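A.B. asks: Let me give you the structure first, and then I'll get to my questions.
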Amino acid sequence: MPGLRDWIFSLKTFASAMLALYIAFGLGLDRPYWAMATVFMVSQPLTGALRSKGVYRFLGTLVGATAAVVLVPNLVDAPVLLVAAISLWIGICLFFALLDRTPRSYLFMLAGYSAAIIGFPAVNAPQAIFATALIRVEEITLGIVCSTVIGIIFLPRPVAPIIVARLDAWFSVARDWICAELAGRRDEDAARAARRVMAGASVEVGMLVTHLAYDTSLLRTATHPVSVLRRRMMLLLPVISGIGDCLALMRERSVLTPETQALLDRLAAWLRSGGDALEQETTQIHDAIAGATPRVTANADGSAVLCGSLMVHLTELADIVHDVRALHHQVMTGSPSVPVLRLPRGLAPDQTRYHDYGMALLSAFATTVAVGFVCGFWIATAWPNGATAATMTAVVCTLNAAQNHPVPSILRVLYSTAVAIVINSVYLFAILPMVTSFDMLVLALAPTFLLTGVMIAMPVTFVWGLNIAVYGALLLALSDTYSDIYNANFADFANTSIAALVGMAAAATITALIRSVGAEWSSRRLQRAGWHDIARAASRRGAIERPTLAALMLDQLADLTTRLAASDLHADLVFRNAMRDLRVGLNVLELERESPDLSLQVRTGLLRMLDGIEEYYRVHVPEPPDDALRTCIDQIITAAAQVQQLAPMLTQLVSIRYGLYPDAPAYDTPKAAVPEIAR
């Protein structure tokens, strides 16, 4: 049920819409209902999101209007070329919008379908295209300004507290997961939930950070520290997973010593304490880990190798926790600078994001075809309302292109628009003829648009509320003279409504034929992108660094959680496998970066191993690679354990081995030596 905050948002949105409509009437704008509809398009409960979306919408509308002014007068005598040009423009803008994958993508979307909104209705009067575009920009700007001003002045709701609350909850979940692993209370259900929450929170915080620079709070200057903090938090996923795997193997083999368990207990207590003496406490933890790290000698067995790998993971965990706390403190002060961090720059993810060029191109192609098909039907039949159908096709295809399977979303838009049409028919032919003043108009519109405003504020009804409000306002087509409302023509209303529904139905049909894919297909595509990056890293020929690979694969992990069902056990299996693949890739790069000068025999073994990893990830199948690669890895581990200066390689090698063979027996010192490598 809606709460007080939802009703406040609805009241503010409705007041903004009525203010925009009143000013548009007073200015005598051509289509004042565009100002009203724009308010519902840009309204957001969070002030920072409201301001940023308003900026993006204004810029997108301006770019789209410019495109329409350039294309329509020059191509109006060649309808096929004009349709092709506008359709191609929409596709290009959508392509860049899908690559952006942040709220900034709204700018590119608007630039695309604004050209359709302005250009298609103007084909019958191309000489007035500049005036039409200018008026449309004015109407939309009016809606943005009214919504922003009222949103800022009356009970603003800043983004910063939401981000801080999400970060606190995020770290709380991560801390509970870490402490459970350290204490030996491994619960797969709890771990699955923690992984899902942490990856989902990464996506949410990443979106909110984009709005933070537009916020009204003091934290608006802390955008960079929040971004760095988010990347550190995401890095906890593979680190905790690696620690849990090491501890599970050690407990399974009964080689977890009391001294090591005491260290784990101390680390858990430090995590729960949340102390302020970060540098001093982190240094003490580092010293304790160094003291518990076994010295790997020529006679070292698999237990010592495994324990050494655990200690490296614990060191990385301590550095990340230190950085998270330091960054959190910096964020709370609103400082734009980043504090001194412990995690080496070479281990931290950078700002690179994953871009699915193939899917973006397919979505853009489907939208271009859909718009072109409807426009072709419009031209061939000389349909008077063809511009409305083509415009609606462009809008709904663009706004739903980021979905795995856009058709259900497009159909929801169609159904909610049908509801809006029924409501509008009651207004136009039963209620509005009795309206004699603007005050009465406000009272007449209040019940419907206050209710839709509450629906917009609630995630469960957001789509229905937004569509009924926006498309209802557009199709209601309130003009600046009440006499036009009195004389509303049923035939015109019916034809316009039918055209809108036909455009949406065409969008759903063509999208279903060209673009729709399932979550399984999308997740598989994300996995393949990660496998390709790992193969490139193992090939030693690709210019990819560890921070870039970490950023790409962590971004893919977060995206997986939004594309797979939260309750699907298969989704968790995919997620765990993706984390193991991530650890393999990171350790391959670390192995190449930190390996000291090696003998010819050891170098030959490493090259054989990397070639095997590259071949496996180039043609990845669900099964682990063959045992020949595992034998090669075991031989190199044995060789590294026998040479003191090669001990740092052990962590990478053990992590690679477990990532590739999670169900294989744990490494142990081979009974027979491997002379060609050991020497």
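A.B. asks: Calculated from DSSP H runs of 4 or more alone, at -39500 (n - 2.57) each and per residue, what is the 222 nm mean residue ellipticity of the chain, nearest 500?
C.D. replies: Values: 26 runs with 507 residues, N = 679.
The per-residue figure over the chain is -25500 deg cm²/dmol.
A.B. asks: Cut-off is 10 Å between beta-carbons; in what order do SER87, SER105 appear when sorted fewest neighbours first? Kindly include the intermediate steps, with their values, before the conclusion.
C.D. replies: On the way: SER87 26, SER105 21.
Going from sparsest to densest Cβ surroundings: SER105, SER87.
A.B. asks: Let me check I've understood the local charge: for GLY358, count other residues with C-beta under 11 angstrom from its C-beta, Lys and Arg +1, Asp and Glu -1. What total comes out?
C.D. replies: +1
A.B. asks: Which whole-number percentage describes the relative contact order of the stretch 69-152, with Cα contacts under 8 Å and a sequence gap of 6 or more?
C.D. replies: 29 percent.
A.B. asks: Which order results if THR398, THR66, THR393 are arranged by neighbouring Cβ count within 10 Å, fewest first?
C.D. replies: THR66, THR398, THR393
A.B. asks: Taking the Cα centre of the chain as the origin and placing charges on Cβ (Lys, Arg +1; Asp, Glu -1), which of THR638, LEU27, GLN351 is farthest toward the positive end of the dipole?
C.D. replies: Farthest along the dipole direction, towards plus: LEU27.
A.B. asks: Grab the other residues whose beta carbon is less than 12 angstrom from that of ARG528, score K and R as +1, D and E as -1, and report the net.
C.D. replies: Net of charged neighbours comes to 0.
A.B. asks: Counting other beta carbons within 10 Å of each Cβ, put MET250, MET332 in order, fewest first.
C.D. replies: MET332, MET250
A.B. asks: Next question. Quick check for me: using +1 on Lys/Arg Cβ and -1 on Asp/Glu Cβ, what's the dipole size of the stretch 311-377 about its Cα centre, in debye to the nearest 20?
C.D. replies: That gives a dipole near 100 debye.
A.B. asks: Here is a follow-up. Tell me, what ³J(HN,Hα) does each residue in the stretch 500-514 have, in order and in whole Hz, if you take phi through Karplus 6.51 cos²θ - 1.76 cosθ + 1.60 with θ = phi - 60° and put x for Gly and Pro?
C.D. replies: 4, 5, 5, x, 5, 5, 5, 4, 5, 5, 5, 5, 5, 6, 10
A.B. asks: Calculate the dipole size of the chain relative to its Cα centre from +1 charges on Lys and Arg beta carbons and -1 charges on Asp and Glu beta carbons; express the result in debye to the nearest 20.
C.D. replies: That gives the chain a dipole magnitude of about 260 debye.
A.B. asks: Under 8 Å for C-alpha pairs, at least 6 residues apart: give me the relative contact order for the chain, rounded to a whole percent.
C.D. replies: Reported as a whole number, the value is 18 percent.
A.B. asks: In whole percent, what relative contact order does the stretch 414-468 give with Cα contacts below 8 Å and a gap of six or more residues? Working shown, then result.
C.D. replies: Numbers: 28 pairs, mean separation 20.2, N = 55.
Relative contact order here is 37 percent.
A.B. asks: Could I ask something else about it? Of (i) 24.7; (ii) 27.2; (iii) 27.9, which one was derived for Kirkwood radius over Cα pairs in Å from the structure shown?
C.D. replies: So the calculated entry is the one marked (iii).
Readers should treat all values here as calculations from the given coordinates under stated rules, not as data from a laboratory. Everything numeric here is computed off the predicted structure, so don't read it as measured data. All Cβ positions, even for glycine, are placed from backbone atoms using ideal geometry, and neighbour counts span all protein chains on display.
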